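These notes are about the structure you will find just below.
Just so it is clear, none of the values below were taken in a lab; they were calculated from the coordinates. The shown structure was predicted, so the numbers you read here are calculated from the model rather than taken from an experiment. In this analysis, Cβ positions are derived from the backbone assuming ideal geometry, glycine residues included, and neighbour counts consider all displayed protein chains.
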Amino acid sequence: MTFKYSLRHIRRSPYQTLSAVLIMVITFFMVSIFIMLAFISSGILKHFETKPQISAFYPNDTPETEIMEIKKEIESTNLTKEVRYISSKEAVQIYKKNSSIDDIDPNLDLVSDKILPPSLEISAWNISDLRTLKSIVEKKEGVKVIFIEEVVNKLSSWLSGLRSGGLVLLILLVIESILVIWTIIGMRISQRRYEIEIMHLLGATPWYIRAPFIVEGMLYGVIGSVIGVVTTVILLHSALPGLTNFLVGIPLLPLTPENFIKTIFVIPGSAGIDGVPLAPISPLFVLLLLGLEILIGMIIGAMGSYAAVFRNLKK
Amino acid sequence: MIIFENVSKKFSDGTYGVVGINLEIKDGEFVFLIGQSGAGKTTLLKLLTCQIKPTEGIVKINKFNITKMKPSELYKIRREIGIVFQDFKLLFDQTVYENIALALEVSGHKEKNFKKTILDTLQKVGLEGKEKYFPAQLSGGELQRTAIARALATEAKILIADEPTGDLDPKTAWGVLQLLEEVNKSGTTVVMATHNHNIVDAMKKRVITLEHGRIINDVQKGEYEVESHKSKKSEAIKSEIEEKAL
């Protein structure tokens, strides 16, 4: 019965309904974009973070023991995920493996261990520690350091800015949605004052009168979230080929249920990279996204309409 | 049973609606509240329908003490009271059937019994066949009958009527009064506010006269015309009304 009354309210004022639904669609479109962005940015960042962040090339005449001393010193800081020593001979092997082009014989001695220097490849737990590690590496004279701190830092700060900005935008949109629902339900209550007065006099319980307005607000949330998610998925699906070409060589997180759960429910950005390019969007992923946003929509709608009911129907 | 014990109602502007009202209305009584505009009739009815609370004294309706009840509990009393207003208070975008169904629904009746209850009640008030009509398609008398049907359908034990004949012509007004009398005969307590002395004279019921918020007169059945010395012609007026009704 409550649901029937809510639908009647919606039917009777289609323009108010349209404005309420539109604001919810915009909010949930942005929520969906933000969630997708969280996935994609996690993928990009992880790609760079998993690469060695410092490569230190020592002069060929540097004794291995000296480099191993430096390695030990770096490891003793406990700031590193991995410190790998690559001797000149290993470097040649890697070079040969990576340069096995059809028309060049990789066994030719054009590149020998006298040319390729020994090196240390260092990955840190935390990008902010790279500068400390770099200063240890540079103690040896003549060392050449390739350092990706700036790239990762810039990317990291760019993505963190994007996330923070997105989050602020989302919070503002959510507040705006609550206020719009509040206003529209408040107008509905004012329009139905006469009917409400009659219902009071006929012996309606307070909940009987309030419930249709709260359900109406929740319905706006549900409709808005469904349209918002569907629009985002359609847009992303059509943008997929272009996006994959644009980010060539950078593997992104596939939009799978596993990653969804890891990203949404555990720690944002914690989903592991698996080297798979941006995959076709899994239907289960869409369902999970839809379920989450419908829940958020219902909460936003209920908050807005409850505020209106509380303010306008105190008696 | 309705009991008022030393009831006063002071409004926010400092004026009193009613002052020191002591009153007892037994089950099944038919009581007229009369008095000029501003005498306190509407305040008394609003106290009865729990639209306002007294600032002093106690109001009891059946087993409920209104004074002690929370606003969220007042619906319990309202379900035992049927209200008929001068301006009908019907929903004009809903049919006669839907208006009565709303009353049944909000008072917690089962939907499967709606149709039978509504059609039976409409027959009782002489509106059979009008269930699909919208209020705009009905005459003043039919609108008031619809309002009475709405009050009766919920099997209210008390019927409160605020100037129900105020906007009606004498013939229609008499028809509405006869209907209220029938309702009363079936055991429902009827409390009706009016400023029409002719109606009061003709009906020969208990009459409570209010002035400046106080009860100045409370006379039992048939005594009103003797007390008032105004209604020597009451029988003649009654006959005249009945003639017009025919």
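For the reader, a short list of remarks on this structure follows.
- Taking 19 Å as the cut-off, the amide N atoms of region B:58-97 that come nearer than this to a point 7 Å along the Cα-to-beta-carbon line of B:Glu182 belong to B:82-85, B:96-97.
- Per-residue Cβ neighbour rank within 10 angstrom, fewest leading, A:Ser164, A:Ser87, B:Ser107: A:Ser164, A:Ser87, B:Ser107
- Potential extension, A:Ala239-A:Glu90 segment - 0.36 nm per residue separation minus Cα distance: 49.4 nm
- Fewest-first sequence of A:Phe57, B:Phe4, A:Phe246, A:Phe3 by Cβ atoms within 10 Å of each Cβ: A:Phe246, A:Phe3, A:Phe57, B:Phe4
- In a fully extended conformation the segment linking A:Lys72 and A:Ile115 would gain 12.9 nm over its present Cα-Cα distance, using 0.36 nm per residue.
- Förster radius 45 Å - calculated FRET efficiency between B:Asp167 and A:Ile175 (Cβ-Cβ, nearest 0.05): 0.35
- Net charge contributed by nearby residues that have their C-beta within less than 14 Å of B:Ala156 (K/R +1, D/E -1): +3
- Shown is the FRET efficiency for A:Lys97 and A:Leu287, computed with R0 = 51 Å from the Cβ-Cβ distance and rounded to the nearest 0.05: 0.70.
- A:Tyr5, A:Tyr194 arranged by Cβ crowding within 10 Å, fewest neighbours leading: A:Tyr194, A:Tyr5
- Legend: residue pairs B:Lys10/B:Lys171; B:Lys110/B:Lys185; B:Lys10/B:Lys110; A:Lys71/A:Lys114; B:Lys70/B:Lys124; A:Lys97/A:Lys144, Cα-Cα distance threshold 32 Å; pairs beyond threshold, B:Lys10/B:Lys171; B:Lys10/B:Lys110; B:Lys70/B:Lys124.
- Between B:Lys53 and A:Thr183, the distance separating the two model label sites (each 7 Å from Cα on the Cα→Cβ line) works out to 3.5 nm.
- Note on A:Lys140 and A:Arg11: their simple-model spin labels are 8.2 nm apart, each label 7 Å out from Cα toward Cβ.
- Taken residue by residue and averaged, Cβ atoms of other chains lying within 10 Å of the Cβ of B:90-102 number 1.
- Links that overshoot a 21 Å alpha carbon limit, given the list B:Lys53/B:Lys76; B:Lys26/B:Lys157; A:Lys4/A:Lys314: A:Lys4/A:Lys314
- Estimated from the Cβ-Cβ distance and a Förster radius of 41 angstrom, the FRET efficiency linking A:Leu37 and A:Gln191 is about 0.55.
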